[in-house]
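Participant: Sharing a structure here in structure tokens format.
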Amino acid sequence: MDSRRLPRAVIDPKVRQVGFFTSCDPPPARSLSVPADTGASAIVPTDMSSSPPLTDIYITNNSFSSVRIPPPRQVSAEGLHSLGRAAGSTTSVFAHDVLSPHCWEGIQMPIGSYNSSEFMQGKSSMLSPSSSRFDDIDFSEEEATSACLIRTGSGKEAAAFPRSSGEVMMAIKSGANAPAKSALKTASVVKALPEVTEKDGGTSIEKQNEGIGAARSKQKTTKAERRAIQEVQRAAKAAAKDAGKGAKSTFASSGGALAVAKQAKSAILPSQTKYGSSVASERRVDRNPDKDGKKDVSQSSMQFDDKSRVEKAKRRAAVGHFEARNSVELFRHLPQYEHGPQLQYLESKFFHLDHIHPSVYKVGLQYLTGSTSGGNARCKEMLLAFQEAVMDYSTPPEKTPARDLTSKISSYVSFLIACRPLSISMGNAIRFLKNRIAKLDHNISESEAKSNLLSDIDRFINEKIIVADKVIVHHAVTKIRDGDVLLIYGHSTVVEMILLQAHELGKQFRIVVVDSRPKLEGKALLRKLVMKGLSCTYTHLNAISYIMHEVTRVFLGASSILSNGTIYSRVGTACVAMVSHTFRVPVLICCEAYKFNERVLLDSICSNELGDPDVISKVHGRDGLNDLENWSDHENLQLLNLFYDATPSDYVSMIVTEHGMIPPTSVPVIFREYGRDQLFF
Amino acid sequence: MPDVQTLVNDFVLKLKRRKIEGSQASAKQTAELLRSVVSQQRLPYINQATVLLDAVRAVGEQLIAANPVELAVGNIVRRILHIIREEDLTSTASAMEGLSLSANSDDDDNYEREDHQALSAAAVAAAARSTLRAPSLQTLLEGIPESASAPHPSSSGGDSEGKSKSAERSSRSKKLKHDVIEAINELIQDIETCHEQISEQAVGLIHQNEVILTLGRSRTVKEFLCAANEKKRSFRVFIAEGAPRYLGHVLAKELVAKGLQTTVITDSAVFAMISRVNMVIVGAHAIMANGGVIAPVGINMVALAAQRHAVPFVVVAGSHKLCPLYPHNPEVLLNDFKSPSDLLDFGEFSDCMDFSTSGGSPRLHVVNPAFDFIPSKLVSLFITDTGGHSPSYIYRLIADYYSADDFVVRRRSTTS
């Protein structure tokens, strides 16, 4: 039972899952790895992925409410300090060890695992917008309370923090960002305070913890220890908040009851409960406070069928949410398309969104209106906008660029997400950028750091997109022979470059451009090709079975390639690949390696993007076809405009990347051989 | 006769200009036209069936040539030829019996030839009947003596009163024509009511909460789904819009009006959605003898996706769409091409085309086929007005509707 309710914040997959909500992939391995016995799981320090079952947190909570934190913790501080330099995992063991002599069993375990998770995420936290979004959306209330606590407890600490954190950061590379986080937390605390006191559960906990804080603040505590204590406090608060929310009573019993109730719910909706249950741990993953106290909502990290979370998210969204009409039941978990009202809303809010850099704002609007589309173009535009933002950035006093800039970027990213869900490639690029920021040398001046960042972004655009495209073209052109009939679908820039290059090389071939509604991207591509003097045949997707008889090669682009070989691409790609496969025509997927992602996907439903349903009701150039006018008046009628689909790997003959031409089964090999670091950074 | 010819010409023109939409309409109109051909055909005393057959075949040939892709026309022509043969058989058989009972001595030379013809026809009829009739132990055992006994009475000549005979014969000639017209009327009736008979089977095939996917619009599919809905089955329907005609929109509107849960998707989303679909139901343009289906363009893609996800692929079609021909290269030979303006507006690309240099062959082609061929292995089930059939049974079903002599209409007519 408990093991089902794992908080899943802990692990590094989060790092990779930028731009996508992660709840689709069930974590069976993880849940298995958690022993039901709390003591056992606490002792296993290497079991990073298993964070404590929620009930343990409640236990923690109980013990908290009844027991004051014993003074002996101070003793442990020295030990922690010395060991804090060790790797994250060891620290977790250590925290556990230190605490256990005091028989503080209820708390012991959460601390241990929280530390472990924290350390693991230290590396990732800054890079991972999705995780930051998690806590922004889901847990902002608890956050408020915890932040408040920190204020009361460690105001002094906060002032001293930047100095000590800098030192620790150098020592512990993996944990580098954790102190940054807590510092940021303290910064954000004050504004959040009013919210807190409403919750009786929260406040009472606060009082209790004040004691802790007071006791602690006398000491000069180490980073590790402070973190440990914060984790405990947060866990307590998370529990208390649940208790307060559910029963409006004080903690213990009601908290437990609520946990049980939640568990029951989780059995029914496992995907959602992952969010629910991860309250305590995810919340802390990394936190990027907005100056305004506004939390931007990541749409992609949310399950939109969870009403309460959506409500919460709505309250905090910088960008308005609007009720979608007649949404399709299968896709309720995805952000519904809400373009029209969104655009007006954004326009009206222009002067209120002053924390968004104008260039980011511009790019966001371009996404929203669709004037910038296509994986590479969107990614490039975004990076250029970030570049401008970085250029105009100046570190506020008492802050380090690494922290503040990351939070800024995160808020930009959530703005962009509100405009249109991120693509996987953009997620990778954001991860790259945040990683770069996190790795900034603290000894260099701000201008130097900025110029480093700018050149990094330039390098990314150049290496990962422009040069990669050239290499792909170089590879793929060798696969075009005289007399070939090439079929293309959609509008992939790299495929277009391949065709033009082959044409320049003087190869004699014919192109079949297959197009489909509603985007009709093929037309734009057809125009370019015809202008260049290539001979083309234009047809629609339905005729693919007819035209496939004469085709000898199929060239397709991809939005992303997932590690099980699934091609995540423009909707319809799967159909083309399927028919080609049936007719024994080789399918070549051309995709830059920065679009690779370690996620896996089996169908096109778990993760996708919904487009404007209205464009389906209107057919371009067919004014007589108005059967679906006023479609939203009929509650039984829905229009579904999917953007992507997942092509099974067995339809694909070959993937052309800048690393070479590989079969789809070798996608994970690319990850292994080149490593995530080389691939993206 | 001339007015029949004008009717035929009108119809041929309509077919040539593709003015008649849908196989049901063309089937019905073909049947009506052939009915008037039959009714206006002057019949001689002898060889009535042959004359009728020739007349129908001559018209049928023109019709088929006018639109060889509209297989329903050819099907109806063959069905009517088959009807004439059948009626002829039954009438000669009954005449035979009358002959054998009344006249034992028929030595009139005038009738020698006709008798001979009747005799052979009777033999054929007996043989045909024994094959057509459901096999039972009775027929298996008695089939041979029966056919052997058939020539028996006619071989004996006999005396006759010529006048009574000719009177009988004129009544017979009228009877043949009358019977044929009756049968054609029945056929027209069948074509009209095939939807009802098909949709009666809907409840047995659609369960509660089913998710059904279809592409484009077929009237048969619409009636099928509506019938299930009327029987209080609640299910949802995904409709792929069916480029380039986008009739899916029309179907969606109709189904929503009936209160069905309907979702319109783009054709490209078929593969994405098919994994959540329980059954694919589509209409057909024609069903070939090997169980392959000619259907509106795009359905082959749906069938392949359905096969990939092991989703049953059901084709609903009236029996007038059953075609006795075996397809050869049907994607090309049994296909029709629509106007490119469905895809590109007129002159849309004229600005970027360089007409001066290209040596006659334009750089831009637009392909807009009308039909897809779905091989029989992709089809799970056919629902026709005579019930559900598996693709492998279609060849046998065809034997019920067509006689083997008529499979090739043209060659017969040119040789005879």
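Participant: Can you tell me which residue in the range B:225-249 is nearest to the other protein chains (Cβ to nearest Cβ), limited to those that are among the hydrophobic types (A, V, I, L, M, F, W, C) and assigned to a helix (DSSP H, G or I)?
Facilitator: Step one: filter the range B:225-249 for residues among the hydrophobic types (A, V, I, L, M, F, W, C), giving B:225-228, B:235, B:237-240, B:243, B:247.
Restricting the remaining residues to those that are assigned to a helix (DSSP H, G or I) gives B:225-228, B:247.
On the way: B:Leu225: 13, B:Cys226: 13, B:Ala227: 17, B:Ala228: 15, B:Leu247: 9 Å.
Step by step, filter the range B:225-249, then rank; the result is B:Leu247.
Participant: Looking only at the range B:20-46, which residues are farther than 30 Å from B:Val293 by Cα, part of a helix (DSSP H, G or I) and among the basic types (Lys, Arg)?
Facilitator: Restricting attention to the range B:20-46, the residues satisfying the condition of being farther than 30 Å from B:Val293 by Cα are B:36-46.
The next check asks that each one be part of a helix (DSSP H, G or I); those that pass are B:36-40.
The answer is none; no residue qualifies.
Participant: Exactly one condition in (1) under 30 Å from A:Lys464 (Cα atoms); (2) facing chain B (nearest Cβ under 10 Å); (3) surrounded by 22 or more Cβ atoms within 10 Å (Cβ to Cβ) is not met by A:Ile605; state its number.
Facilitator: Among (1) under 30 Å from A:Lys464 (Cα atoms); (2) facing chain B (nearest Cβ under 10 Å); (3) surrounded by 22 or more Cβ atoms within 10 Å (Cβ to Cβ), A:Ile605 violates only (3).
Participant: Which members of the range B:292-339 meet the condition of being farther than 23 Å from B:His389 by Cβ, more than 11 Å from chain A (Cβ to nearest Cβ) and of a type in the set (A, V, I, L, M, F, W, C)?
Facilitator: B:Leu333
Participant: Here's something else I'd like to know. Within the range B:2-19, work out how many residues are of a type in the set (Asp, Glu) and in a loop (DSSP other than H, G, I, E, B).
Facilitator: 0
Participant: Has the range A:553-570 got any residue that is more than 10 Å from chain B (Cβ to nearest Cβ), more than 18 Å from A:Gly490 (Cα to Cα) and among the aromatic types (Phe, Trp, Tyr)?
Facilitator: Keep residues of the range A:553-570 that are more than 10 Å from chain B (Cβ to nearest Cβ), which gives A:553-569.
Filter again for more than 18 Å from A:Gly490 (Cα to Cα), leaving A:562-565.
Okay, now just the ones that are also among the aromatic types (Phe, Trp, Tyr), so none.
There is no residue in the range A:553-570 that is more than 10 Å from chain B (Cβ to nearest Cβ), more than 18 Å from A:Gly490 (Cα to Cα) and among the aromatic types (Phe, Trp, Tyr).
Participant: Follow-up question, since we're still on this one. Inside the range B:261-310, counting only strands (runs of 3 or more DSSP E) that do not spill past its ends, which hold 3 or more residues that are β-branched (Val, Ile, Thr)?
Facilitator: Output list reads B:261-265, B:279-283.
Participant: Sort out which residues of the range A:495-519 are of a type in the set (Val, Ile, Thr) and within 36 Å of the chain's Cα centre (by Cα), and write them in order of number.
Facilitator: A:Val495, A:Ile498, A:Val513, A:Val514
Participant: Identify all residues within the range A:486-498 that are touching a Cys at 6+ places or on another chain (Cβ under 9 Å) and within 13 Å of chain B (Cβ to nearest Cβ); write none if there are none.
Facilitator: Within the range A:486-498, just A:Tyr489 meets the criteria.
Participant: Here is a further query. Condition first: over 13 Å from B:Gln24 (Cβ atoms) and either among the hydrophobic types (A, V, I, L, M, F, W, C) or touching a residue at least 24 places away in the same chain (Cβ under 8 Å) (or both). Now tell me which residues in the range B:175-195 satisfy that.
Facilitator: Of everything in the range B:175-195, those that are over 13 Å from B:Gln24 (Cβ atoms) and either among the hydrophobic types (A, V, I, L, M, F, W, C) or touching a residue at least 24 places away in the same chain (Cβ under 8 Å) (or both) turn out to be B:Lys175, B:Leu176, B:Lys177, B:Asp179, B:Val180, B:Ile181, B:Ala183, B:Ile184, B:Asn185.
Participant: Restrict the check to the range A:646-666 and report whether at least one residue is within 12 Å of chain B (Cβ to nearest Cβ) and part of a loop (DSSP other than H, G, I, E, B).
Facilitator: Checked the range A:646-666: at least one residue is within 12 Å of chain B (Cβ to nearest Cβ) and part of a loop (DSSP other than H, G, I, E, B).
Participant: Could you figure out which of (1) within 14 Å of another protein chain (Cβ to nearest Cβ); (2) surrounded by fewer than 19 Cβ atoms within 10 Å (Cβ to Cβ); (3) hydrophobic (A, V, I, L, M, F, W, C) isn't true of A:Leu525?
Facilitator: With (1) within 14 Å of another protein chain (Cβ to nearest Cβ); (2) surrounded by fewer than 19 Cβ atoms within 10 Å (Cβ to Cβ); (3) hydrophobic (A, V, I, L, M, F, W, C) applied to A:Leu525, the lone miss is (2).
Participant: Continuing with this model, one more query. Would the range A:472-485 turn up any residue that is within 14 Å of chain B (Cβ to nearest Cβ) and either under 20 Å from B:Ala305 (Cβ atoms) or in a helix (DSSP H, G or I) (or both)?
Facilitator: First pass over the range A:472-485, keeping only residues within 14 Å of chain B (Cβ to nearest Cβ): A:485.
Those still in the list that are either under 20 Å from B:Ala305 (Cβ atoms) or in a helix (DSSP H, G or I) (or both) too: none.
Within the range A:472-485, not a single residue is within 14 Å of chain B (Cβ to nearest Cβ) and either under 20 Å from B:Ala305 (Cβ atoms) or in a helix (DSSP H, G or I) (or both).
Conditions (1) touching a strand residue (DSSP E or B) at 6+ places or on another chain (Cβ under 6 Å); (2) within 18 Å of B:Val221 (Cα to Cα); (3) of a type in the set (Lys, Arg); (4) surrounded by fewer than 17 Cβ atoms within 10 Å (Cβ to Cβ), marked per residue:
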| residue | (1), (2), (3), (4) |
| --- | --- |
| B:Ala272 | yes, no, no, no |
| B:Val282 | yes, yes, no, no |
| B:Leu304 | no, no, no, no |
| B:Val315 | yes, yes, no, no |
| B:Leu322 | yes, yes, no, no |
| B:Asp345 | no, no, no, yes |
| B:Leu364 | yes, no, no, no |
| B:Asp372 | yes, yes, no, no |
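Participant: Then there is this: Looking at B:Asn335, is it within 26 Å of B:His365 (Cα to Cα), touching a residue at least 24 places away in the same chain (Cβ under 8 Å) and assigned to a loop (DSSP other than H, G, I, E, B)? Let's see the steps before the verdict.
Facilitator: Numbers: within 26 Å of B:His365 (Cα to Cα): yes; touching a residue at least 24 places away in the same chain (Cβ under 8 Å): yes; assigned to a loop (DSSP other than H, G, I, E, B): yes.
Here the answer is yes, as B:Asn335 does meet what is asked.
Participant: Let me ask something additional. Can you go through A:Leu588, A:Leu637, A:Leu610, A:Leu628 and tell me which one is within 14 Å of another protein chain (Cβ to nearest Cβ), at pLDDT 90 or above, surrounded by 18 or more Cβ atoms within 10 Å (Cβ to Cβ) and in contact with a strand residue (DSSP E or B) (Cβ under 9 Å, 6 or more places away or on another chain)? Working first, answer last.
Facilitator: Details: A:Leu588 fails: within 14 Å of another protein chain (Cβ to nearest Cβ); A:Leu610 fails: at pLDDT 90 or above; A:Leu628 fails: at pLDDT 90 or above.
Every option except A:Leu637 fails the conditions.
Participant: Is the range B:316-331 home to any residue that is in a helix (DSSP H, G or I), in contact (Cβ under 8 Å) with a residue 12 or more places away in the chain, farther than 21 Å from A:Ser327 by Cα and not assigned by TED's automatic domain parsing to the domain that holds B:Asp385?
Facilitator: No, the range B:316-331 contains no residue that is in a helix (DSSP H, G or I), in contact (Cβ under 8 Å) with a residue 12 or more places away in the chain, farther than 21 Å from A:Ser327 by Cα and not assigned by TED's automatic domain parsing to the domain that holds B:Asp385.
Participant: Name the single residue that is farthest from the other protein chains (Cβ to nearest Cβ) among those in the range A:499-520 being assigned to a loop (DSSP other than H, G, I, E, B) and farther than 17 Å from A:Arg570 by Cβ.
Facilitator: A:Leu505
Participant: Determine which member of the set B:Leu52, B:Leu34, B:Leu63 is more than 20 Å from B:Ala286 (Cβ to Cβ), buried (at least 17 other Cβ atoms within 10 Å of the Cβ) and either assigned by TED's automatic domain parsing to the domain that holds B:Ala284 or not charged (D, E, K, R) (or both).
Facilitator: From the options B:Leu52, B:Leu34, B:Leu63, the qualifying one is B:Leu52.
Participant: Out of all the residues in the range A:613-625, which are more than 7 Å from chain B (Cβ to nearest Cβ) and not in a loop (DSSP other than H, G, I, E, B)?
Facilitator: A:Asp614, A:Val615, A:Ser617
The values are calculated or read from the model by the stated rules, or taken from the named source; none is laboratory data. Since the structure is predicted, the reported quantities are computational estimates derived from the model, not experimental observations. Backbone-built Cβ (ideal geometry, glycine too); neighbour counts: all protein chains shown.
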